[in-house]
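To start, the structure itself, in structure tokens.
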Amino acid sequence: MPNDQLYAWLGHLISVYDVTPFMDDHPGGDEVLLSATRKDATNDFEDVGHSDTAREMMEKYYIGEIDASTVPLKRTYIPPQQPYNPDKTLEFLIKILQFLVPLMILGLAFAVRYYTKEK
Ligand code: HEM
């Protein structure tokens with residue numbers, strides 16, 4: 001099953017929509033759309049309570065029907081193209097700062113108090 005295609009199960013027939021050109025324009029964002037591809041997206045689509053306008057728009061992306069009996073029941077796992085490896089440096093820096101900044105303020109307060117103390 002190609003990547004950006006939406007499948008909606010209707011009885012034994014599956015309607016297929018290619019949402020690739022719609023990704024940037026989808027009011028609900030591209031992430032939800034992408035997460036609903038390559039599987040039965042009927043519930044995802046219905047749960048949002050899409051308007052009639054949305055349903056009409058959907059027809060623009062309709063590319064055909066496939067017979068459900070020809071679709072393998074078990075989905076093969078396709079690993080992400082790039083391993084998810086976010087850079088943790090910024091997160092670490094923020095944690096350190098969260099600890100250091102209050103200490104620095106406290107130190108500054110003591111320093112000000114010490115140097116402004118009347119002799
Ligand atoms: C080709 C298929 C789709 C079309 C044409 C479409 C179209 C739209 C449109 C026009 C809206 C604006 C609100 C409305 O008029 O209902 C919308 C909102 C939204 N859509 Fe879709 N959509 C599609 C598929 C999906 C799928 C599969 C999901 C999966 C969860 C989804 C999730 C959402 C969400 C979360 C919103 C925002 C709702 C809100 O903020 O109130 N959509 N979509």
(request) Within the stretch 49-78, work out how many residues are surrounded by 13 or more Cβ atoms within 10 Å (Cβ to Cβ) and near the ligand (Cβ under 7 Å from one of its atoms). (result) 5
(request) Could you grab the pairs with beta carbons closer than 8 Å, sequence gap of 6+ or different chains, first residue in the stretch 52-67 and touching a residue at least 40 places away in the same chain (Cβ under 8 Å) and of a type in the set (S, T, Y), second one outside any strand (DSSP E or B) and more than 8 Å from the ligand (Cβ to nearest atom)? (result) Y61/P21
(message) What's the total number of residues in the stretch 1-29 that are of a type in the set (D, E), surrounded by 14 or more Cβ atoms within 10 Å (Cβ to Cβ) and at pLDDT 70 or above?
(response) 1
(request) Using the structure shown, decide if V32 is under 17 Å from Q5 (Cα atoms), more than 10 Å from the ligand (Cβ to nearest atom) and surrounded by 10 or more Cβ atoms within 10 Å (Cβ to Cβ). (result) no
(request) Please specify each residue of the stretch 30-65 satisfying the condition of being of a type in the set (G, A, S) and at pLDDT below 90. (result) S35, A36, A41, G64
(message) Can you list residue pairs whose Cβ atoms sit under 9 Å apart, with the first residue in the stretch 11-38 being of a type in the set (D, E, K, R) and the second being outside any loop (DSSP other than H, G, I, E, B) and surrounded by 14 or more Cβ atoms within 10 Å (Cβ to Cβ)? Count only pairs 6 or more apart in sequence or on different chains.
(response) D18/Q5; D18/L6; D24/D30; D30/F22; R38/Q5; R38/L6; R38/Y7
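The values are calculated or read from the model by the stated rules, or taken from the named source; none is laboratory data. Note that the structure is a prediction, hence the values are computed from the model and not measured. Neighbour counts are summed over all protein chains in view; Cβ atoms, including those assigned to glycine, are modelled from backbone coordinates with ideal geometry.
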